[in-house]
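Down below is the structure, laid out as structure tokens.
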Amino acid sequence: MPKRIMFTMGDIACAEGAISAGCRYFGGYPITPATEIAEWMARRMPEVGGAYVQYEDEIASITSVIGASWTGTKAMTATSGPGVSLMMEAVGLAVMTETPLVLVNIMRGGPSTGQPTRGQQGDVMQAKWGSHGDYQIIALTPASVQEMFDETIRAFNLSERYRVPVFLLADETVGHMRERLVIPDEKDIKLEYRKLPTVDPSEYLPFKPDDDLVPPMALLGTKYQFYATGLTHDERGYPSDKEEVQIELITRLNNKILKNADKIVEVEEFMLDDAEIAVIAYGTPSRSAKRAIKDVRQEGIRAGLLRLKTVWPFPERHVVDLATKVKQIIVAEQNLGQIYYMVKAAASPTPVHLMTKPAGMPQLPQEIVQMIREVHSS
Amino acid sequence: MTATEAHFAVKYLREEALPTPFCPGCGNGIITNAFLKAVQDLGHEDLHGFAFVSGIGCGAWIPSPHFNADTLHTTHGRAIAFATGLKMARPELNVVVISGDGDLAAIGGNHLIHAARRNIDLTVICSNNYIYGMTGGQVGPTTFTGDRTSTTPYGNPERPFDLARLVAAAGANYVARWTTAHPVQMARAIRVALERKGFSFIEVLSQCPTAYGRRSRRGDAIRLMGWFKTLRVRKPDEPIHYQTPTAETLDLGVFADRNEKTFSESLAEIAAARR
């Protein structure tokens with residue numbers, strides 16, 4: 001497809017991003033505020049040779065996505081908090097079987113049914129820790145309609161490269177806002193695909209990693225007849241209750257993300273060069289923060305923004321570096337403090353101030369201006 | 001058969017994964033045998049072209065890791081959902097789910113009826129042993145009223161599902177119920193199921209002497225199979241009556257045998273119109 005321009009909402013940009021990324025299977029279940037993604041995929045999948053199936057619940061949606069992914073088809077689901085809670089066991093299965101998939105969470109107010117039509121960033125820790133056991137995932141936090149498109153493609157690329165579920169964590173405001181979207185010519189979009197095995201089937205060990213800690217992935221229905229299980233397994237894929245097998249496996253599953261963090265993490269630095277006060281934000285609050293920083297600079301306060309485009313793996317190195325350059329850090333997030341604790345641990349002893357807003361509207365620019373002034377005068 | 005001649009099923013199995021973890025007297029070996037007999041009767045020299053999906057519990061260990069095929073062992077109850085995604089992405093694969101009654105009909109019951117309603121082209125084989133065997137004998141969705149289990153110490157106050165009638169009513173194209181005491185009929189039914197388009201469901205009553213026979217006092221493997229032999233076989237075209245199953249009144253045979261349009265066929269029509 002040649003370059004196209006749309007004026008559309010974040011949810012639809014996400015769906016178009018998935019299609020551009022090569023997604024050809026969507027397992028869905030309606031939920032506010034992510035329904036538009038399912039609706040768009042239901043329209044578009046038959047047009048591009050893919051399949052849309054609406055399931056009986058979110059558990060079936062994500063589990064079917066894992067099944068589709070094992071055939072080599074890029075696959076995705078999209079939901080919101082209550083659906084993510086139901087999906088969490090399957091996220092663990094995807095982690096353990098190293099299945100590439102993209103899980104979009106358009107974050108709404110919680111806990112429980114909460115405020116379905118209002119935004120929040122309450123699921124940041126859930127994305128990281130929601131399934132049981134010790135594991136790492138990747139989570140991206142887009143802040144605009146264009147990024148809903150771009151970061152969905154990046155989510156697919158990362159999930160394919162590291163064979164891991166990737167969350168697209170967008171607050172409801174980003175999901176429902178309408179902005180200009182540029183869909184590049186398809187030849188200008190860089191796509192990645194999982195490594196396939198090249199050895200003879202008799203020598204194939206489905207969970208033997210390469211140097212990058214990621215094993216090549218055989219596809220279902222090819223000459224490689226393999227076995228995959230959520231049980232702790234050795235390189236052959238066979239279940240094992242040996243202590244050393246468990247230690248080796250989960251250490252590798254963690255390290256393939258953590259040791260590649262520099263290749264995964266993306267941040268945006270805004271007016272940080274001479275900053276004394278840094279705001280750290282992601283998603284919609286980061287847009288308010290940019291406005292606020294421009295405003296306080298008019299008053300002579302040297303402030304800047306570190307916008308996290310990736311929250312998991314946590315951009316630790318970026319925060320550590322920042323903490324050596326600025327005098328104070330403000331974390332503005334649309335919750336009662338989640339990434340704040342990660343920032344505080346990484347930035348220590350630089351003071352970190354938390355600016356919370358656990359409700360529908362993100363921090364407004366003038367509220368962030370006020371916070372920066374207070375921190376500046378303290 | 002000479003002493004050196006291998007059993008016909010060995011060519012379909014991963015020998016390094018044997019022996020199976022099943023208890024002495026378990027019916028799952030008979031189901032394995034009948035399934036592979038059906039595969040051989042259909043002319044498959046190996047299991048290429050098949051994908052096996054299972055959930056959690058003893059029944060789920062029939063295919064995985066034992067079948068020398070693409071076998072995927074998923075989370076509890078979700079085998080059918082996993083298999084549906086797999087089938088949508090690779091319709092040419094012969095996708096088979098083998099699991100137990102707790103996995104398919106309790107935690108996975110919703111997926112079972114919805115897959116039957118969609119009439120998606122899957123073959124589902126349910127090893128029904130009337131109990132949660134792997135966890136040591138707790139009441140399940142098929143346990144008869146009054147049965148004693150480790151979590152119904154005073155007798156089961158609930159009524160069981162009749163799985164064959166449930167899945168037939170939900171819309172499957174082919175549904176049959178046999179037992180491990182009817183291995184020939186079971187293998188024939190599995191053959192029909194593998195060839196039939198749309199959703200096929202084979203319920204196999206399978207003895208669990210360790211967890212069910214012992215606690216329910218229905219006895220050892222031989223007594224349990226003796227009970228299976230007393231069950232009535234339905235006549236062809238006999239109307240289906242609905243009643244709460246009991247150990248005495250359960251019937252065997254075919255409960256649905258039709259060729260309604262499958263989910264994949266409906267989707268293909270839509271895709272052809274849209275492209």
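Each value in this text was obtained by applying a stated rule to the coordinates, not by laboratory testing. Source: prediction; values computed, not measured. Cβ sites come from the backbone with ideal geometry, for glycine too, and all protein chains shown count toward neighbours.
Some points to look at:
- Long-range neighbours under 9 Å by Cβ, at least six apart or interchain, first residue away from chain B (no Cβ under 11 Å) and under 20 Å from A:Glu16 (Cα atoms) within the stretch A:70-84, second surrounded by 24 or more Cβ atoms within 10 Å (Cβ to Cβ) and among the basic types (Lys, Arg): A:Ser80/A:Arg108
- Filter result (among the small types (Gly, Ala, Ser) and more than 9 Å from chain B (Cβ to nearest Cβ)) within the stretch A:25-49: A:Gly28, A:Ala34, A:Ala38, A:Ala42
- Qualifying residue in the stretch B:21-38 (condition: β-branched (Val, Ile, Thr) and more than 14 Å from the chain's Cα centre (by Cα)): no
- Taking the criterion of being farther than 22 Å from B:Gly49 by Cβ and either surrounded by fewer than 19 Cβ atoms within 10 Å (Cβ to Cβ) or in contact with an Asp or Glu (Cβ under 8 Å, 6 or more places away or on another chain) (or both), the residues of the stretch A:217-235 that qualify are A:Leu231, A:Thr232, A:Asp234, A:Glu235.
- Subset of the stretch B:17-44 that is out of contact with any Pro (no Cβ under 9 Å at 6 or more places or on another chain) and farther than 22 Å from B:Ala189 by Cβ - its residue that is surrounded by the most Cβ atoms within 10 Å (Cβ to Cβ): B:Thr20
- Boolean, A:Gly10 is within 14 Å of chain B (Cβ to nearest Cβ), in contact (Cβ under 8 Å) with a residue 40 or more places away in the chain, of a type outside the set (A, V, I, L, M, F, W, C) and at negative phi: no
- Residue check for A:Val369: crowded, with 19+ Cβ neighbours inside 10 Å, in contact with a Lys or Arg (Cβ under 8 Å, 6 or more places away or on another chain) and part of a helix (DSSP H, G or I): no
- The stretch B:1-16 - residue that is surrounded by fewer than 17 Cβ atoms within 10 Å (Cβ to Cβ) and part of a helix (DSSP H, G or I) and, of those, farthest from the other protein chains (Cβ to nearest Cβ): B:Phe8
- When the stretch B:77-112 is limited to residues that are more than 8 Å from chain A (Cβ to nearest Cβ) and surrounded by fewer than 24 Cβ atoms within 10 Å (Cβ to Cβ), the one that is farthest from the chain's Cα centre (by Cα) turns out to be B:Pro91.
- Checking A:Ala289, A:Ala332, A:Ala323, A:Ala281 one by one, the residue that is small (Gly, Ala, Ser), in contact with a strand residue (DSSP E or B) (Cβ under 9 Å, 6 or more places away or on another chain) and over 30 Å from A:Glu179 (Cα atoms) is A:Ala323 and no other.
- Selection of the stretch B:54-74 for residues being within 7 Å of chain A (Cβ to nearest Cβ) and surrounded by 24 or more Cβ atoms within 10 Å (Cβ to Cβ) yields B:Ser64, B:Pro65, B:Ala69, B:Asp70, B:Thr71, B:Leu72, B:His73, B:Thr74.
- Yes/no for A:Gln136 being more than 11 Å from every other protein chain (Cβ to nearest Cβ), in a loop (DSSP other than H, G, I, E, B), in contact (Cβ under 8 Å) with a residue 60 or more places away in the chain and touching a Leu at 6+ places or on another chain (Cβ under 7 Å): yes
- Count of the stretch A:56-69 residues, restricted to those that are farther than 15 Å from A:Gly22 by Cα and more than 7 Å from chain B (Cβ to nearest Cβ), is 3.
- Odd one out for A:Thr113 among (1) in contact with a helix residue (DSSP H, G or I) (Cβ under 6 Å, 6 or more places away or on another chain); (2) over 17 Å from A:Thr310 (Cα atoms); (3) in a loop (DSSP other than H, G, I, E, B); (4) of a type outside the set (Gly, Ala, Ser): (1)
- Of all residues making up the stretch A:223-243, the number that are more than 8 Å from chain B (Cβ to nearest Cβ), under 23 Å from A:Thr63 (Cα atoms) and not in a loop (DSSP other than H, G, I, E, B): 1
- Filtering the stretch A:249-267 to residues that are over 18 Å from the mean Cα position of the chain (by Cα), buried (at least 16 other Cβ atoms within 10 Å of the Cβ) and not aliphatic (A, V, I, L, M) leaves only A:Arg252.
- Taking (1) under 20 Å from A:Ile137 (Cβ atoms); (2) out of contact with any helix residue (DSSP H, G or I) (no Cβ under 6 Å at 6 or more places or on another chain) in turn, A:Ser64 satisfies each apart from (2).
- Considering residues of the stretch A:16-41 that are out of contact with any strand residue (DSSP E or B) (no Cβ under 8 Å at 6 or more places or on another chain) and free of Cβ contacts under 8 Å to residues at least 60 places away in the same chain only, the residue nearest to A:Ile106 (Cα to Cα): A:Thr35
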